[in-house]
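Heads up: the structure comes next, in structure tokens.
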2 protein chains.
Amino acid sequence: MPAYINDLYSEKISKMKKSIIRELLKLTQKPDVISFAGGLPSPATFPVEEIAEMAREVILKEGDWALQYGATEGITQFRDEIVKILKADDLTVERDNILVTTASQQGLDMVGRVFINSNDPIIIGRPTYVGAISAFRGYDARFIGVSLDDHGMKTDELRSILEDLAAGNERPKFIYTVPDFQNPAGVTLSLERRKDLLKLAKEFKTIIIEDSPYRQLRYTGEHVPQIYKLDGGEGNVIMLQTFSKILFPGLRLGWITAHKDIIDKFVIAKQAMDLCTPPISQSIAYEYCRRGELGPHIKENVALYGKKRKKMLDALDTYMPDDPGIHWTKPEGGLFLWLTLPDYFDVDAMFMEAIEENVAYVTGTAFYADGGGKNAMRLNFSYPTEEQIDQGIQRLAKVIKKNLK
Amino acid sequence: MPAYINDLYSEKISKMKKSIIRELLKLTQKPDVISFAGGLPSPATFPVEEIAEMAREVILKEGDWALQYGATEGITQFRDEIVKILKADDLTVERDNILVTTASQQGLDMVGRVFINSNDPIIIGRPTYVGAISAFRGYDARFIGVSLDDHGMKTDELRSILEDLAAGNERPKFIYTVPDFQNPAGVTLSLERRKDLLKLAKEFKTIIIEDSPYRQLRYTGEHVPQIYKLDGGEGNVIMLQTFSKILFPGLRLGWITAHKDIIDKFVIAKQAMDLCTPPISQSIAYEYCRRGELGPHIKENVALYGKKRKKMLDALDTYMPDDPGIHWTKPEGGLFLWLTLPDYFDVDAMFMEAIEENVAYVTGTAFYADGGGKNAMRLNFSYPTEEQIDQGIQRLAKVIKKNLK
């Protein structure tokens, strides 16, 4: 390839890196490795036979639209099913508040497209979802991190950051949060903090991006209303959700819930990005929802993942060395928990040791836009079997013990 | 919605507009309108029953990967099928030269992401594909147009533009071309011009984006090699193709063929954009290709569309008024032809008149980034039936006659 081609690349792409997780995952392909690294749903939850049959039937019946180009907003009858999904989660919206996305990652990319100019400040958690960091980095955002504790993003710290920005005549384009069973930390934003967050957004004239891919996967504790619901659909909150964790990821289907005027902007962005989300994916999910299968299916997932979560918490209790610097979150839902080790740990350096012991994790540093996370890791409990969870945590504890001072 | 939210939007989205075509299409939904406006493949070509059966079988057999997250590059066995599709078109590439995209529109968006900084010059045709204009506008490209004639982009005009840019110490990030049966003009870039284009790209140290969604749909004349093939895979050409016109659009499946080093950059961009193209779409197309159905299916499409093309050319000969200012292109393939009217025509203004006569087209202005096209229109012949083509052209001729001076 002629060398001058390298000078043609954009600044944006030059600043972006390959996903650390996706690169790590390649190392975890060794057959004996028990991986807590991925974020994959368990294939045991995939309703393969039902989906195969429904795909056949819906293509026969709805082939006219399932095989043709579709509206950028999404297929009308599928958006109506999404309205019902939200209704079941005690949120009332109209079809016009819904835009179907090619899964939540596209939703994040669209948020970047619609809101971020180069060097615009945005608020994220420390830690935060790595896919959000890469999406927003693609628009050259300036990341400002706010610490999390067991109740989610610390709103007192957020207030002082917003005040500092305001003092310099700035405001963030948005506050990005994963309020339910956060990826990676597993913590849930309390009701009080949700109200605080909304109050702060209004006071400082910014909006909230409520990314909620795991919301329906609650195993314990009580449901907390969406920040979107607390806002009453006034336009201060944009919510992203996905079928990836409640049905299966291979559809690449998600949706944005927002004020109609904001949806209009997203439609313009999406027209240029992929015209529309695959109608064939939409048709299959539509048929599954229409037949009333989604609710019962989510219940089954909750039962399965709830057991896995418990197994991982039990295994951590059983095998982790007793050290004041070692602690972990107790997620009430979702797919992940966050294990913190003593300050002197470097889990990036420890990763190859873990692979030698046939266990894998994602290093905490992946989830910080601004450094941090060197002594923490994300552990996934949805993909491995209960037996693998027990054995994998045992292996991980062994590696950690070796590195304890 | 609080008014301050309007101040949060990015400059990029503020510059973008809703697709003119998509807005026009809404007007063409009246039941009696014969529309030459869309770019839709004929649903008569959709192999609905075969696809329904294959969807069922491939989900049962390959559910493990069809329902899970997939590699950003695309599913391995599907990329191998794409290598075979290119082989059938006399082009030899490796799997690593292929990246599966969520159809060609995403390919265009990714080209923007990977190459364009704000205000970077890029070369396009006058006219050019409207979806490329909106994708590249999303990255704030500076459009420089080069005229087309019956042999495609005029390379002498291109040379002088490149020289002018070089005099100002600039070069375009790329030259965007649809060499086969161009959308909207229907013209094909001659072999000689393809060689010229490649020579110019090398001389002025830029690359060529070869967008070729219609390449397999040739009804007459002789195949011309891809510019990619003329380059011998040296890295000076990036080729975009799609299943939308040769199988059906509802899959939203396309691919990029490029040098491995360039594919690597696209993978980074795509990770942030949607992680991967729906594996379930890939599985269905994979199964269709694997069974050897694609080749025969394309032959059927070519037979059907070839007849429709002839019908439209015949109808134009029969009904169009005899005026030296009225002429149209004679495409050897694809879905469109380009009708030029006398200079004093304003087809935007005439559009509502046409709708009253129950016929629709896309106004030429949609295909120019810099003005132009006021006296031209794009006519699609793939979607309407032969009867509709005959009657629609008759209606269109009537409207045009009324406006002749």
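Consider A:Ser244 carefully, then state whether it is small (Gly, Ala, Ser), within 19 Å of A:Val146 (Cβ to Cβ) and in contact with a strand residue (DSSP E or B) (Cβ under 8 Å, 6 or more places away or on another chain).
So A:Ser244 does not fit the description; no.
Identify, from the list A:Leu40, A:Leu24, the residue that is closer than 30 Å to A:Ala366 by Cβ, within 10 Å of another protein chain (Cβ to nearest Cβ) and either surrounded by fewer than 19 Cβ atoms within 10 Å (Cβ to Cβ) or in contact (Cβ under 8 Å) with a residue 24 or more places away in the chain (or both).
Answer to the check: A:Leu40.
Select from region A:117-126 the residues that are among the aliphatic types (A, V, I, L, M) and either part of a helix (DSSP H, G or I) or farther than 20 Å from A:Leu230 by Cβ (or both) and list them in ascending order.
A:Ile122, A:Ile124
Picking from A:Ala315, A:Ala303, which residue would you name as being outside the structural domain of A:Leu86 (by TED's automatic domain parsing), within 21 Å of the chain's Cα centre (by Cα) and either among the basic types (Lys, Arg) or modelled with pLDDT of 95 or more (or both)?
So the residue among A:Ala315, A:Ala303 that is outside the structural domain of A:Leu86 (by TED's automatic domain parsing), within 21 Å of the chain's Cα centre (by Cα) and either among the basic types (Lys, Arg) or modelled with pLDDT of 95 or more (or both) is A:Ala303.
Mind listing just one residue for me: the one in region B:159-175 that is closer than 17 Å to B:Leu198 by Cβ, within 14 Å of chain A (Cβ to nearest Cβ) and of a type in the set (D, E, K, R) and, of those, nearest to the chain's Cα centre (by Cα)?
My answer is B:Lys173.
Say we look at region B:74-116 and pick out the residues that are β-branched (Val, Ile, Thr) and in a loop (DSSP other than H, G, I, E, B); which of these is surrounded by the fewest Cβ atoms within 10 Å (Cβ to Cβ)?
B:Thr92
From the list A:Val83, A:Val48, which one is modelled with pLDDT of 95 or more and more than 7 Å from every other protein chain (Cβ to nearest Cβ)?
Result of the check over A:Val83, A:Val48: A:Val83.
Hey, can you tell me all the residues within region A:351-387 that are under 25 Å from A:Arg126 (Cβ atoms), assigned to a helix (DSSP H, G or I) and over 17 Å from the mean Cα position of the chain (by Cα)?
Passing the criteria: A:Phe351, A:Ala354.
Go through (1) touching a Ser or Thr at 6+ places or on another chain (Cβ under 9 Å); (2) without any contact (Cβ under 8 Å) to a residue 12 or more places away in the chain; (3) of a type outside the set (Asp, Glu) and name the single condition B:Ile13 misses.
(1)
For region A:145-174, give me each residue that is without any contact (Cβ under 8 Å) to a residue 40 or more places away in the chain and not in a helix (DSSP H, G or I).
Once the filter is applied, which keeps residues that are without any contact (Cβ under 8 Å) to a residue 40 or more places away in the chain and not in a helix (DSSP H, G or I), region A:145-174 yields A:Val146, A:Ser147, A:Leu148, A:Asp149, A:Lys154, A:Gly168, A:Asn169.
Has region B:176-188 got at least one residue that is among the charged types (D, E, K, R), without any contact (Cβ under 8 Å) to a residue 24 or more places away in the chain and more than 11 Å from every other protein chain (Cβ to nearest Cβ)?
So far as region B:176-188 goes, no, none of its residues is among the charged types (D, E, K, R), without any contact (Cβ under 8 Å) to a residue 24 or more places away in the chain and more than 11 Å from every other protein chain (Cβ to nearest Cβ).
Out of (1) assigned to a loop (DSSP other than H, G, I, E, B); (2) within 30 Å of A:Gly235 (Cβ to Cβ), the odd one out for A:Lys330 is which?
(2)
In this structure, does B:Lys405 turn out to be surrounded by fewer than 18 Cβ atoms within 10 Å (Cβ to Cβ), part of a loop (DSSP other than H, G, I, E, B) and of a type in the set (Lys, Arg)?
Answer is yes for this residue.
For region A:328-348, indicate whether the set of residues that are of a type in the set (Phe, Trp, Tyr), farther than 19 Å from A:Gln29 by Cα and surrounded by fewer than 15 Cβ atoms within 10 Å (Cβ to Cβ) is non-empty.
Yes, some residue in region A:328-348 is of a type in the set (Phe, Trp, Tyr), farther than 19 Å from A:Gln29 by Cα and surrounded by fewer than 15 Cβ atoms within 10 Å (Cβ to Cβ).
Kindly evaluate A:Gln29 against the criterion of being assigned to a helix (DSSP H, G or I) and of a type in the set (S, T, N, Q).
Here the answer is no, as A:Gln29 does not meet what is asked.
For region B:213-223, state whether one or more residues are part of a helix (DSSP H, G or I) and not charged (D, E, K, R).
No: region B:213-223 contains no residue that is part of a helix (DSSP H, G or I) and not charged (D, E, K, R).
Find the residue count for region A:51-73, including only residues that are within 19 Å of B:Glu50 (Cα to Cα) and either assigned to a helix (DSSP H, G or I) or more than 8 Å from chain B (Cβ to nearest Cβ) (or both).
Of the residues in that region, 16 qualify.
Does any residue in region B:101-125 that is more than 17 Å from A:Ala269 (Cβ to Cβ) come within less than 6 Å, Cβ to Cβ, of a residue that is among the basic types (Lys, Arg) and modelled with pLDDT of 95 or more six or more places away or on a different chain, and which pairs are these?
So the pair list comes out as B:Val114/B:Lys265; B:Phe115/B:Lys173; B:Asn119/B:Arg142; B:Asp120/B:Lys173; B:Pro121/B:Arg142; B:Ile122/B:Lys173.
Across region A:132-161, what is the total count of residues that are surrounded by 21 or more Cβ atoms within 10 Å (Cβ to Cβ) and closer than 22 Å to A:Phe336 by Cβ?
Matching residues across region A:132-161 total 9.
Quickly run through region B:179-219 and pick out the residues that are at positive phi and crowded, with 23+ Cβ neighbours inside 10 Å.
B:Phe181, B:Gly186
Residues checked against (1) surrounded by 24 or more Cβ atoms within 10 Å (Cβ to Cβ); (2) at pLDDT 95 or above:
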site: B:Leu230; (1), (2): no, yes
site: B:Leu251; (1), (2): yes, yes
site: B:Trp255; (1), (2): yes, yes
site: B:Ala258; (1), (2): yes, yes
site: B:Gln271; (1), (2): no, no
site: B:Ser281; (1), (2): yes, yes
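If you take the residues in region B:251-283 that are in contact with a helix residue (DSSP H, G or I) (Cβ under 6 Å, 6 or more places away or on another chain) and assigned to a loop (DSSP other than H, G, I, E, B), which one is farthest from the other protein chains (Cβ to nearest Cβ)?
It comes out as B:Leu253.
Please identify the pairs in which a residue from region A:49-67 that is more than 15 Å from A:Pro279 (Cα to Cα) and outside the structural domain of A:Pro278 (by TED's automatic domain parsing) has its Cβ atom under 7 Å from the Cβ atom of a residue that is small (Gly, Ala, Ser) and at pLDDT 95 or above, counting only partners at least 6 apart or on another chain.
Filtered contacts from region A:49-67: no entries.
The values are calculated or read from the model by the stated rules, or taken from the named source; none is laboratory data. The shown structure was predicted, so the numbers you read here are calculated from the model rather than taken from an experiment. Virtual Cβ from ideal backbone geometry, glycine too; neighbours counted across all protein chains shown.
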